[in-house]
1. Against the condition of a type in the set (D, E, K, R) and either touching a strand residue (DSSP E or B) at 6+ places or on another chain (Cβ under 6 Å) or modelled with pLDDT of 95 or more (or both), how does ASP160 come out, does it pass?
2. How about segment 128-141: which of its residues are farther than 17 Å from TRP202 by Cβ and surrounded by 14 or more Cβ atoms within 10 Å (Cβ to Cβ)?
3. Among the numbered conditions (1) surrounded by 11 or more Cβ atoms within 10 Å (Cβ to Cβ); (2) at pLDDT below 85, tell me where HIS169 comes up short.
4. Of all residues in segment 201-210 being part of a loop (DSSP other than H, G, I, E, B) and either buried (at least 17 other Cβ atoms within 10 Å of the Cβ) or modelled with pLDDT under 95 (or both), which is nearest to the chain's Cα centre (by Cα)?
5. Quick one: count up the residues across segment 90-135 that are among the β-branched types (Val, Ile, Thr) and closer than 15 Å to THR181 by Cβ.
6. Report, by residue number, each residue of segment 178-196 that is not aliphatic (A, V, I, L, M) and not in a strand (DSSP E or B).
7. Looking at ARG12, is it in a loop (DSSP other than H, G, I, E, B) and either exposed (fewer than 10 other Cβ atoms within 10 Å of the Cβ) or modelled with pLDDT under 95 (or both)?
8. With respect to the numbered conditions (1) at pLDDT 95 or above; (2) of a type in the set (Gly, Ala, Ser); (3) surrounded by 14 or more Cβ atoms within 10 Å (Cβ to Cβ), which one is the sole condition not fulfilled by ALA54?
Amino acid sequence: MIATTAPIRRMRIEPLSARAELRNVARAAMGIMTVALMYLIASGATLRDPGTTANRNLMPFQVLVRDRPSTEQRMFRELQEGLLEAETRRSMTGAWPAVSALAADGVPPFALDPTAKGGQYDWSLVQSGALVNYLGIPRQPNAPAWLVLVQEPEPGVPPDQTFEDEEHHRLITGVMLHVSTWTRADSRVPARISRSPQAEGWTQLYAVGPSAVRHPPR
């Protein structure tokens, strides 16, 4: 009997493209930031003493998300996840992703979720210069509106802060963003750019609270 040998299969292994590697790194960073944020929110119950630094630094239009209803806490968490995904795509393409693109990829809260207790929202992307708004208008009249405000650096103007925190996110490209999350009980909000949400009846939400250093008004 003559033994036969199995044919040798040759496989070509190619390295990931720079674009694919950037996406993998960005997604890993996004996952780490999301987990860290969830931990901070979950452990916030240990900081309920009104004498803490976080509470002392709050302005009248600012609140901690742990003190809000559970539906708002869930929306806040989903918006942080959605924002980080949007930042990843901004780093890769140089443009902020449309709501339709985020929804098509199942990114919360832009993707339709029939189980959402807070009701359904109509999301839109509004941009004006260095300002970017992701605006969510509820389909139920008694639900709050939501806003993610992103301030990109103005050309030739240094960022107001050089280190990252809850309000400052650095893209992989090195661009430092000023970001904030807002809610408003009155959902009758026009679909236009919002520059100073606090002057328009919006309330800013924090996971852990602002730092003691005040940022210059925008």
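1. Numbers: of a type in the set (D, E, K, R): yes; either touching a strand residue (DSSP E or B) at 6+ places or on another chain (Cβ under 6 Å) or modelled with pLDDT of 95 or more (or both): no.
So ASP160 does not fit the description; no.
2. Once the filter is applied, which keeps residues that are farther than 17 Å from TRP202 by Cβ and surrounded by 14 or more Cβ atoms within 10 Å (Cβ to Cβ), segment 128-141 yields only ALA130.
3. Exception for HIS169: condition (2).
4. Residues of segment 201-210 part of a loop (DSSP other than H, G, I, E, B): 201-202, 207-210.
Those left that are additionally either buried (at least 17 other Cβ atoms within 10 Å of the Cβ) or modelled with pLDDT under 95 (or both): 202, 207-210.
Working: TRP202: 17, ALA207: 12, VAL208: 15, GLY209: 16, PRO210: 16 Å.
Per the stated criteria, the residue is ALA207.
5. Going through segment 90-135, the residues among the β-branched types (Val, Ile, Thr) turn out to be 93, 99, 107, 115, 126, 132.
With the extra rule that they be closer than 15 Å to THR181 by Cβ, the set shrinks to 132.
Total satisfying the criteria: 1.
6. From segment 178-196, those not aliphatic (A, V, I, L, M) are 178, 180-184, 186-188, 190, 192, 194-196; that's our starting set.
Correct list: ASP186, SER187, ARG188, PRO190, ARG192, SER194, ARG195, SER196.
7. Values: in a loop (DSSP other than H, G, I, E, B): yes; either exposed (fewer than 10 other Cβ atoms within 10 Å of the Cβ) or modelled with pLDDT under 95 (or both): yes.
Spelling it out, ARG12 is indeed in a loop (DSSP other than H, G, I, E, B) and either exposed (fewer than 10 other Cβ atoms within 10 Å of the Cβ) or modelled with pLDDT under 95 (or both).
8. Unmet condition: (1).
The values are calculated or read from the model by the stated rules, or taken from the named source; none is laboratory data. Please read these numbers as outputs of a predicted model, since none were measured by experiment. Positions of Cβ are generated from backbone atoms using ideal geometry, with glycine treated the same way; all protein chains shown enter the neighbour counts.
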